[in-house]
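Step one of this worksheet: look at the structure below.
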């Protein structure tokens, strides 16, 4: 299959992009594995430090795992800083399945969006008790790739745009490298809605198909914001994807629709599920009203994974 070695500074979006694309590829029926550098550091690479030799060895080990998985028909994405050109080139030289994706961002943007405060700590005086040393891009070197197979500018475009570009790139590589290695699932359950916001009633409905082992495609109607539709299409897509991370669910926008039409004998089922009363009674309008009135009771109707973004987006 294909092995994508990501590279980029801390906070540039490597893990977010990797897991976002993984979700979309799973929904299409592909086998996908994300090798998260932070996770593997605490397991098979726990004996390594942050010298150049140890960082090179870290990538060599992760690369060996990634190439092995790719040879078994798994789309593998390595989300690690991967700072040295020598290590990246060595992996590509070893196997044609390996492709390099550079997730580029500016130091200014990374520092501004530094949720963990790591860049600020790395810029402190060395004698400061909170100082972080060996920090890539500041006190440790980072060598941008000379000829990446794909370049993403996460400081100039949204994560959604970058995710789409990465997905298209991977699918293109799959069609070139192994066009007949895997047949993605052709049949999925389609759901169309506004999802303003996505709540447990919606989740119950979609879970009816997931429980049957059927991949799901959730489409979000691309409509202008108003009082009844306060969330943008991009915000709605982000919320739904958070709920279904790692599950065979693809979320995408579609143009606003006038009607749903089909002819006889086209092979589609049209299902109407009847939820239990406590689910059917959930109202998106009531949720929006509660949030505006600072009534926290709405939280029992919305997945915990998205409560923060629902409230933040709605309150502005």
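Computed values, structure above
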{"read-out": "0 to 90° range, to nearest 10: angle between helix 159-177 axis and the chain longest Cα axis", "value": "70 degrees"}
{"read-out": "GNM flexibility winner over the chain from 192, 214, 257 (Cα, springs under 10 Å)", "value": "257"}
{"read-out": "Kirkwood hydrodynamic radius (C-alpha pairs) into Stokes-Einstein, segment 1-111, 10 °C and 1.306 mPa s, D in µm²/s", "value": "112 µm²/s"}
{"read-out": "P(r) weight above 26 Å for segment 171-316, C-alpha pairs, percent", "value": "33 percent"}
{"read-out": "Packing-based ranking, highest mean first, of 224-234, 52-62, 132-142 given that Cβ atoms within 10 Å are counted", "value": "52-62, 132-142, 224-234"}
{"read-out": "Simple spin-label estimate for residue 93 and residue 72 in nanometres, 7 Å along Cα-Cβ", "value": "2.8 nm"}
{"read-out": "Gain in span if fully extended, residue 16 to residue 242, counting 0.36 nm per residue against the direct Cα distance", "value": "80.3 nm"}
{"read-out": "Viscosity 1.567 mPa s, 4 °C: Kirkwood-radius Stokes-Einstein D of the chain over Cα pairs, µm²/s", "value": "59 µm²/s"}
{"read-out": "Crossing angle, helix 200-210 versus the chain [Cα axis fit, 0-90 degrees, rounded to tens]", "value": "80 degrees"}
{"read-out": "Packing-based order for 76-83, 260-267, using average beta carbon neighbours within 10 Å, highest first", "value": "76-83, 260-267"}
{"read-out": "Stretchable slack from residue 139 to residue 207, in nm (0.36 nm times residue separation minus alpha-carbon distance)", "value": "19.7 nm"}
{"read-out": "10 Å-binned pair-distance histogram of segment 241-316 (Cα, whole percent)", "value": "13, 29, 38, 15, 4, 0"}
{"read-out": "Cα pair distances of segment 208-273 binned at 5 Å [whole percent]", "value": "3, 13, 19, 20, 21, 15, 7, 2"}
{"read-out": "Alpha carbon centroid spacing (whole Å) that separates segment 52-78 from segment 127-155", "value": "20 Å"}
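Values quoted throughout were computed directly from the atomic coordinates according to the rules given, and no laboratory measurement underlies them. Note that the structure is predicted; figures quoted are calculated from it, not measured. Every residue, glycine as well, gets a Cβ built from its backbone with ideal geometry; the counts of neighbours run over all protein chains shown.
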